[in-house]
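Working notes, beginning with the structure itself.
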Amino acid sequence: MARLCEDAICLREAEWSETSQTVTLLTREHGILRGLAKGSRRDRAVFSGGFEPLTRGELLAMIRPAGQLTLLTSWDLRETFPEVRSSLAVFHAAMYMADVVLHTMTEGDPHPRVFDALAGSLRELGPGPARDAALASFQWSVLDDTGHRPELHEDIRGRVPLRGAPSHTFLPDLGGFTEDTGPGGPGYRVRAETLAFLRRLEAGALLHELADQDPSTLERAARLLAVAVRHTAGREPPSLGFVFAETAV
């Protein structure tokens with residue numbers, strides 16, 4: 001059996017027995033990994049007191065043949081992201097980020113950029129605008145790195161440059177924007193400010209650089225990208241309804 005030593009973020013855990021857990025982790029170099037931690041709940045176990053979702057640690061594991069749970073042999077807790085548990089709204093946002101990973105990535109497919117984006121977003125999460133900035137930035141990173149980011153510059157129907165306008169329409173089935181189809185038309189109407197913000201993300205704006213953005217634009221952008229994530233995944237992440245209130249995009 002191959003052995004690995006990896007930086008990992010715990011996404012999910014479940015009780016296997018009184019002393020053991022099954023765990024779903026996002027590792028930086030091996031992607032999503034599902035494993036069994038025997039004896040992780042025992043006193044003096046080599047698992048830093050057991051696995052808890054939305055924490056980061058150094059993992060030692062033994063990879064088993066396909067179809068079998070990876071055997072986790074050690075977990076050294078390195079980071080707890082305390083801000084994640086500062087409020088229910090922030091916690092829901094963090095759990096949604098974990099759901100985004102689980103719904104857009106496949107097991108064993110590494111995406112180091114997504115790992116780094118998740119760790120950075122969990123560190124920067126906070127109430128209000130900080131939450132929405134982290135959500136927007138993280139969702140963009142996932143869509144971009146997995147090859148599903150929306151087209152922001154060409155009309156997705158005519159493949160001509162998008163014309164400047166107060167609003168456009170986002171068509172998730174086509175993966176981009178077109179001229180505003182008006183109320184009741186197909187797709188999602190999007191304000192020019194929201195599209196401009198997405199272009200900032202595309203240009204590589206870092207999370208801490210988004211603090212100057214209007215809070216309502218941050219929320220609209222985060223919600224619009226959730227539409228794109230849902231379409232990419234083919235289903236709605238379970239935590240989505242706890243995160244976004246009804247608002248225009």
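Only the coordinates and a few stated rules stand behind these numbers; no lab work does. Fair warning: this is a prediction, and the values are worked out from it, not measured in the lab. In this analysis, Cβ positions are derived from the backbone assuming ideal geometry, glycine residues included, and neighbour counts consider all displayed protein chains.
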### Query
If you stretched the chain out fully between residue 42 and residue 89, how much longer would it get, using 0.36 nm times the residue separation minus the C-alpha to C-alpha distance?
13.7 nm
## Note on the structure
Once normalised by the length of the chain, the mean sequence separation of its alpha carbon contacts under 8 Å that are 6 or more apart gives a contact order in percent of 16 percent
### Query
With contacts defined as alpha carbon pairs under 8 Å and 6 or more residues apart, what's the relative contact order of the stretch 2-80 in percent?
32 percent
### Task
Starting from the Cα of residue 16, step 7 Å toward the Cβ, then list every residue of the stretch 64-83 with an amide N under 17 Å from that point.
64-76
### Distance between the stretch 95-148 and the stretch 149-190 - C-alpha centres, whole angstrom
24 Å
## Note on the structure
Taking every other residue with Cβ under 12 Å from the Cβ of residue 124 and scoring Lys and Arg +1, Asp and Glu -1, one gets -1
### Summary
The simple spin-label model distance between residue 64 and residue 202, using points 7 Å out along Cα→Cβ, in nm, is 4.6 nm
### Query
Pairing the Cα long axis of helix 88-104 with the longest principal axis of the chain, what angle in degrees results, from 0 to 90 and rounded to the nearest 10?
90 degrees
### Message
So if I place +1 on the C-beta of Lys and Arg and -1 on the C-beta of Asp and Glu, and nothing else carries charge, what would the dipole magnitude of the stretch 2-80 be about its Cα centre? I want it in debye, nearest 20.
### Response
220 debye
### Message
How tilted is helix 215-233 with respect to the longest principal axis of the chain? Cα atoms for both, answer in degrees (0 to 90, nearest 10).
### Response
70 degrees
### Query
Once both axes come from the Cα atoms, what is the angle between helix 192-202 and the longest principal axis of the chain, in degrees from 0 to 90, rounded to 10?
40 degrees
### Task
Quick one: order 208, 111, 103 by neighbouring beta-carbon count within 10 Å, fewest to most.
208, 103, 111
### Task
Would you please classify the overall shape of the stretch 83-243 from the alpha carbon gyration tensor, given that a ≥ b ≥ c denote the square roots of the eigenvalues, rounded means a/c under 1.5, and beyond that prolate means a/b larger than b/c while oblate covers the rest?
prolate
